[in-house]
1. Please go through segment B:70-91 and give me each residue that is part of a helix (DSSP H, G or I) and either hydrophobic (A, V, I, L, M, F, W, C) or outside the structural domain of residue B:50 (by TED's automatic domain parsing) (or both), ordered by number.
2. Just a yes or no: is a residue in segment B:167-189 crowded, with 20+ Cβ neighbours inside 10 Å and within 14 Å of another protein chain (Cβ to nearest Cβ)?
3. Among the numbered criteria (1) at pLDDT below 95; (2) open to solvent by 20 Å² or more (accessible area, probe 1.4 Å); (3) away from chain A (no Cβ under 14 Å); (4) under 24 Å from residue B:41 (Cβ atoms), which single criterion is violated by residue B:150?
4. Test of understanding: among A:176, A:189, A:159, which residue is without any contact (Cβ under 8 Å) to a residue 12 or more places away in the chain and of a type outside the set (A, V, I, L, M)?
5. Kindly check whether there is at least one residue in segment B:208-217 that is within 28 Å of residue A:37 (Cα to Cα) and either more than 12 Å from chain A (Cβ to nearest Cβ) or among the charged types (D, E, K, R) (or both).
6. Of the conditions (1) without any contact (Cβ under 8 Å) to a residue 40 or more places away in the chain; (2) basic (Lys, Arg); (3) farther than 17 Å from residue B:378 by Cβ, residue B:546 fails just one. Which one is it?
7. Residue by residue through segment B:455-470, note down the ones that are within 17 Å of residue B:171 (Cα to Cα), assigned to a helix (DSSP H, G or I) and out of contact with any helix residue (DSSP H, G or I) (no Cβ under 6 Å at 6 or more places or on another chain).
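The values are calculated or read from the model by the stated rules, or taken from the named source; none is laboratory data. Just so it is clear, the model here is predicted, and its values are computed rather than measured. For neighbour counting, all protein chains shown are included, and Cβ atoms are generated from backbone atoms with ideal geometry for every residue, glycine included. Ligands, DNA and RNA are excluded from the accessible area calculation, which covers all protein heavy atoms including side chains. Shrake-Rupley method; radii C 1.70, N 1.55, O 1.52, S 1.80 Å.
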Amino acid sequence: MKKLFSLLLAVALVSGAASALADTIKIGGLAPLTGDVAQYGIAVREGVDLYIEQLNAAGGIHGDTVEMIWYDEKGDATEAINAYNRLVESDKVSAIIGDVTSKPSLAVGDLAVEIGIPIITASATNYDVTEGKPNYFRSCFLDPFQARTMANFARDELGVTKLAVLYDIADDYSVGLAEAFADQAKLNGQEIVAYEAGTAADVDFKAQLTNIAAKEPEALYVAYYYGPAALIVTQAAEVGLNVPFLGADGINGIETVISDVALLDNAFFYTDHFASDATTDAAVAFFGSFTEKYGKAPYNAFNATGYDAALVLCEAMKAAGSVDFDAVVAAMKATDVEGVTGKLSFDDHNDPIKSAFITTFVDGNQTFVKQQEP
Amino acid sequence: MRKKLQSYGLNILALALLYGLMSFLIGQGAINKYYLGILLSAGIAIIMAVSLNLTIGLLGELALGHAGFMGVGAYAAALFTKNIGMDPATVFPLTLLLGGLAAAVFGLIIGIPALRLKGDYLAIITLGFGEIIRVLIINLDFTGGARGMRGIPRITNFTYVYVLVALVVAVMFTLGRSRHGRAILSIREDPVAAEASGIPTTYYRIFAFTVAAFFAGVAGGLYAHYVGVLDPNNFGFMKSIEYLVMVVLGGMGSITGAISAALVLTALPELLRQFSEYRMLVYSLLLIGMMLFRPAGLLGIREFSLTGLLSYVFRRCPHAEPEEREMPQAVAQEAPPLRPPVAEDAPVLLSAQRLGIQFGGLKALTDFDVTIHAGEIVGLIGPNGAGKTTVFNLLTNVYLPTSGVIEVEGVNVVGVPTHEITQVGIARTFQNIRLFRKLTVLDNVKIAYHNQMQYTSLEGTLRLPRYWSEEARANARAYQLLRVFGLEKLAEERADSLPYGAQRKLEIARALATNPKLLLLDEPAAGMNPIETQDLMATIRNICDRFNVAILLIEHDMSLVMGICERIVVLDYGQMIALGTPDEIRRDPKVIGAYLGGE
């Protein structure tokens, strides 16, 4: 009897092991790989593929290999729905990483919430993408988040209390950043001494900058993309406003357009999803392996958020011990991992709670300052 | 008619069977959500392509803003659904109708100014308007702006799409084969001839454009409630081009061609998924290949017909195309006294007094006086450039005279639009034959019956009794008329396949079909050999007697003019230099001078 039992046990073990070896877990990838926004889709895919390759090399998820199935949706909501349906119905994937831009993400999200499949986007910053969808997560932070983080950085690292804001009244991104920055500053006990508006079409910001200079702030939050921001920095010097400038991820690239890069050196600080010269272990390892795999350094923050999206999903699958939708979603909700973009967990809205990378410039080159906790 | 009804029945049965089969497969899960999604997208694309085909293929105008109308319909329908406060699913048909109407209103607003232009200009204008719609959507608050609109309930299902595709396609077929459809086709073929045949071309241009916009709006409503998220950039130029490609690939003017192209082009990118990033490249290569090997499109201007296919399969009659075969023998017996004969001492039919026109400094015609009596044959001769065709263009109001009056039966007709001149009783032919070349001989004639039929576009589309009775009568009359010219055997041939002489005759037949009192023939014998000319002379005399029309005829062939004209008017340098009987004219020194030079 005992012999028979151990025989059965052995058979069970062997067959178990065999099935574990044979299993693959399919994860669907939705991204624009062609078309106008293909650059973002490709950036995400490179990050995801790098993680999955490393994961499989390290034994996969409890021995199961992970297979990514990518479909191009050209940044189009209809195509995204077709691709999503194909992933779910024909390929029968266990989870989805995507979509990349906001509208396809919204379209797919409405379908995904019906069946509760775990889904995570690395790049869609529209607030509504995860709204009312308990199974939809994201690995990138939202705009208000980085504005609040910058206000905290100003308090903690720069030690400034009198702040000014210059924003673009015609742009949602800019208005959102400005409001969130001002709100957090007030919470921090900092004072907003000037709150001036312009538009991105302006080429002359001197009127606003003169007003701001008159209020003698200790730092200026520039809620603009890098093009107008370069003008603002140059003109601020002309009106004698010599204070640190603060900004968000849209500042990335300013050093390529500004007439005098020296104006930026240790003067402009901005939040970003990732800094390629970050010094955390995870970031350094990511930089190395990415460069090795693709023959180029990470060039876009979505390389890193893509990597982290795959990380969050696969870690949750490991923790859940199955690919059951509800179990994986629950495990994702409980995420607490160290990603390449920092320590990562989710709030009630499935948005990441994580640190932002503060970057400045030294000799005209982007230079990592620190990871600012929220 | 019975045969047609049989064919309708067959098609409806086939549609119902297909619907039953598809619903069953969807219910069974044999068609999963992925395939269903492609089917729905394809259905929406079919409506778009078929409606665009109305503008591009049938009307023959290149419009590049079709996706803009889809956008209007999509946003209108979505806004309605979100604000109705009722269960949106129950009012969905109404929602779609509203989407269509909103797009139709935009179509009308854009069509009225834009359709005054033609060809490339219209293409650019519609392109501009398409962009305006997109930019408006981006900049308006209630549309959600650049962020798009989200949270639109997904109501669109297979039944809605299937039924609407079937409806739109059916409407396109029935509308296309009614007097309104023929009017639209005639504009594609030759707007000048269409106008001269009594077709109000501006009206039908706008009509076709608006109907196309309406269906695009309906498709937009379906789209909005299928995707659930609207992005204004989805209704831009590239989207319009996508539908344009479908129409071109299917074969411009072919409804079934547009359907097959819409199906193929929607399914193709999905079938090519295994090529990953290269799939759009493969897709483009396939497009180029198809255009190279089938430049006229998948179906050209032909249509797929189920009845045709079935009779082909069963070899009942290898050439079944039931519509035009209906040559009702009984009706054909009726002789054609289309107008009561006029009395011997014929009253004055047309009188033009002191008619003149100036083009800038050039006096093309001055003080032209002519009186034509009912049933008379009058010749209009003169050297090249004397202003003969100008007289015709003035009498049919293609040009507005700078001086003088034209009276038909005592009523001044100056300023009456060209297409209404036929109703006054004047019809014309052209110096260079202007037939509706790609249409059948029969249709060429039936187009000219346009104003003698009364049924509305709705009656025509729904095939109500008045459609049947009036069409049957028009068919019978057209055959009679063709028989007079010995063309009845060629009734089914394309007009441009006819020999030259027959084309001339057909043009005269078409002009006669408008039931004129005065027929203007512009060099009917041009390019004919002496035997054909003899034949033509007999025909003209025959027409004059049989149809009781007066004829004013421009001709260089003196034997013809002298042989049949009762009176002759001679023009030189825009001046009338002689008027009289053939004998008088032959001896008139001014005429001899004008033709031979010198006194």
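1. Going residue by residue through segment B:70-91, those that are part of a helix (DSSP H, G or I) are B:70-83.
Passing the criteria: B:70, B:72, B:74, B:76, B:77, B:78, B:79, B:80.
2. There is no residue in segment B:167-189 that is crowded, with 20+ Cβ neighbours inside 10 Å and within 14 Å of another protein chain (Cβ to nearest Cβ).
3. (3) is the only condition that residue B:150 fails.
4. Details: A:176 fails: without any contact (Cβ under 8 Å) to a residue 12 or more places away in the chain; A:189 fails: without any contact (Cβ under 8 Å) to a residue 12 or more places away in the chain.
Being without any contact (Cβ under 8 Å) to a residue 12 or more places away in the chain and of a type outside the set (A, V, I, L, M) holds for just one of A:176, A:189, A:159, which is A:159.
5. First pass over segment B:208-217, keeping only residues within 28 Å of residue A:37 (Cα to Cα): B:216-217.
This time we only want the ones that are either more than 12 Å from chain A (Cβ to nearest Cβ) or among the charged types (D, E, K, R) (or both), so: B:216-217.
Yes, there is a match, as at least one residue in segment B:208-217 is within 28 Å of residue A:37 (Cα to Cα) and either more than 12 Å from chain A (Cβ to nearest Cβ) or among the charged types (D, E, K, R) (or both).
6. Answer for residue B:546: the failing condition is (1).
7. B:458, B:462, B:465, B:468 - these are the residues of segment B:455-470 that are within 17 Å of residue B:171 (Cα to Cα), assigned to a helix (DSSP H, G or I) and out of contact with any helix residue (DSSP H, G or I) (no Cβ under 6 Å at 6 or more places or on another chain).
Here is a yes/no grid of residues against (1) among the hydroxyl-bearing types (Ser, Thr, Tyr); (2) open to solvent by 50 Å² or more (accessible area, probe 1.4 Å); (3) touching a residue at least 12 places away in the same chain (Cβ under 8 Å):
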| position | (1), (2), (3) |
| --- | --- |
| B:492 | no, yes, yes |
| B:495 | no, no, yes |
| B:508 | no, no, yes |
| B:516 | no, no, yes |
| B:533 | yes, no, yes |
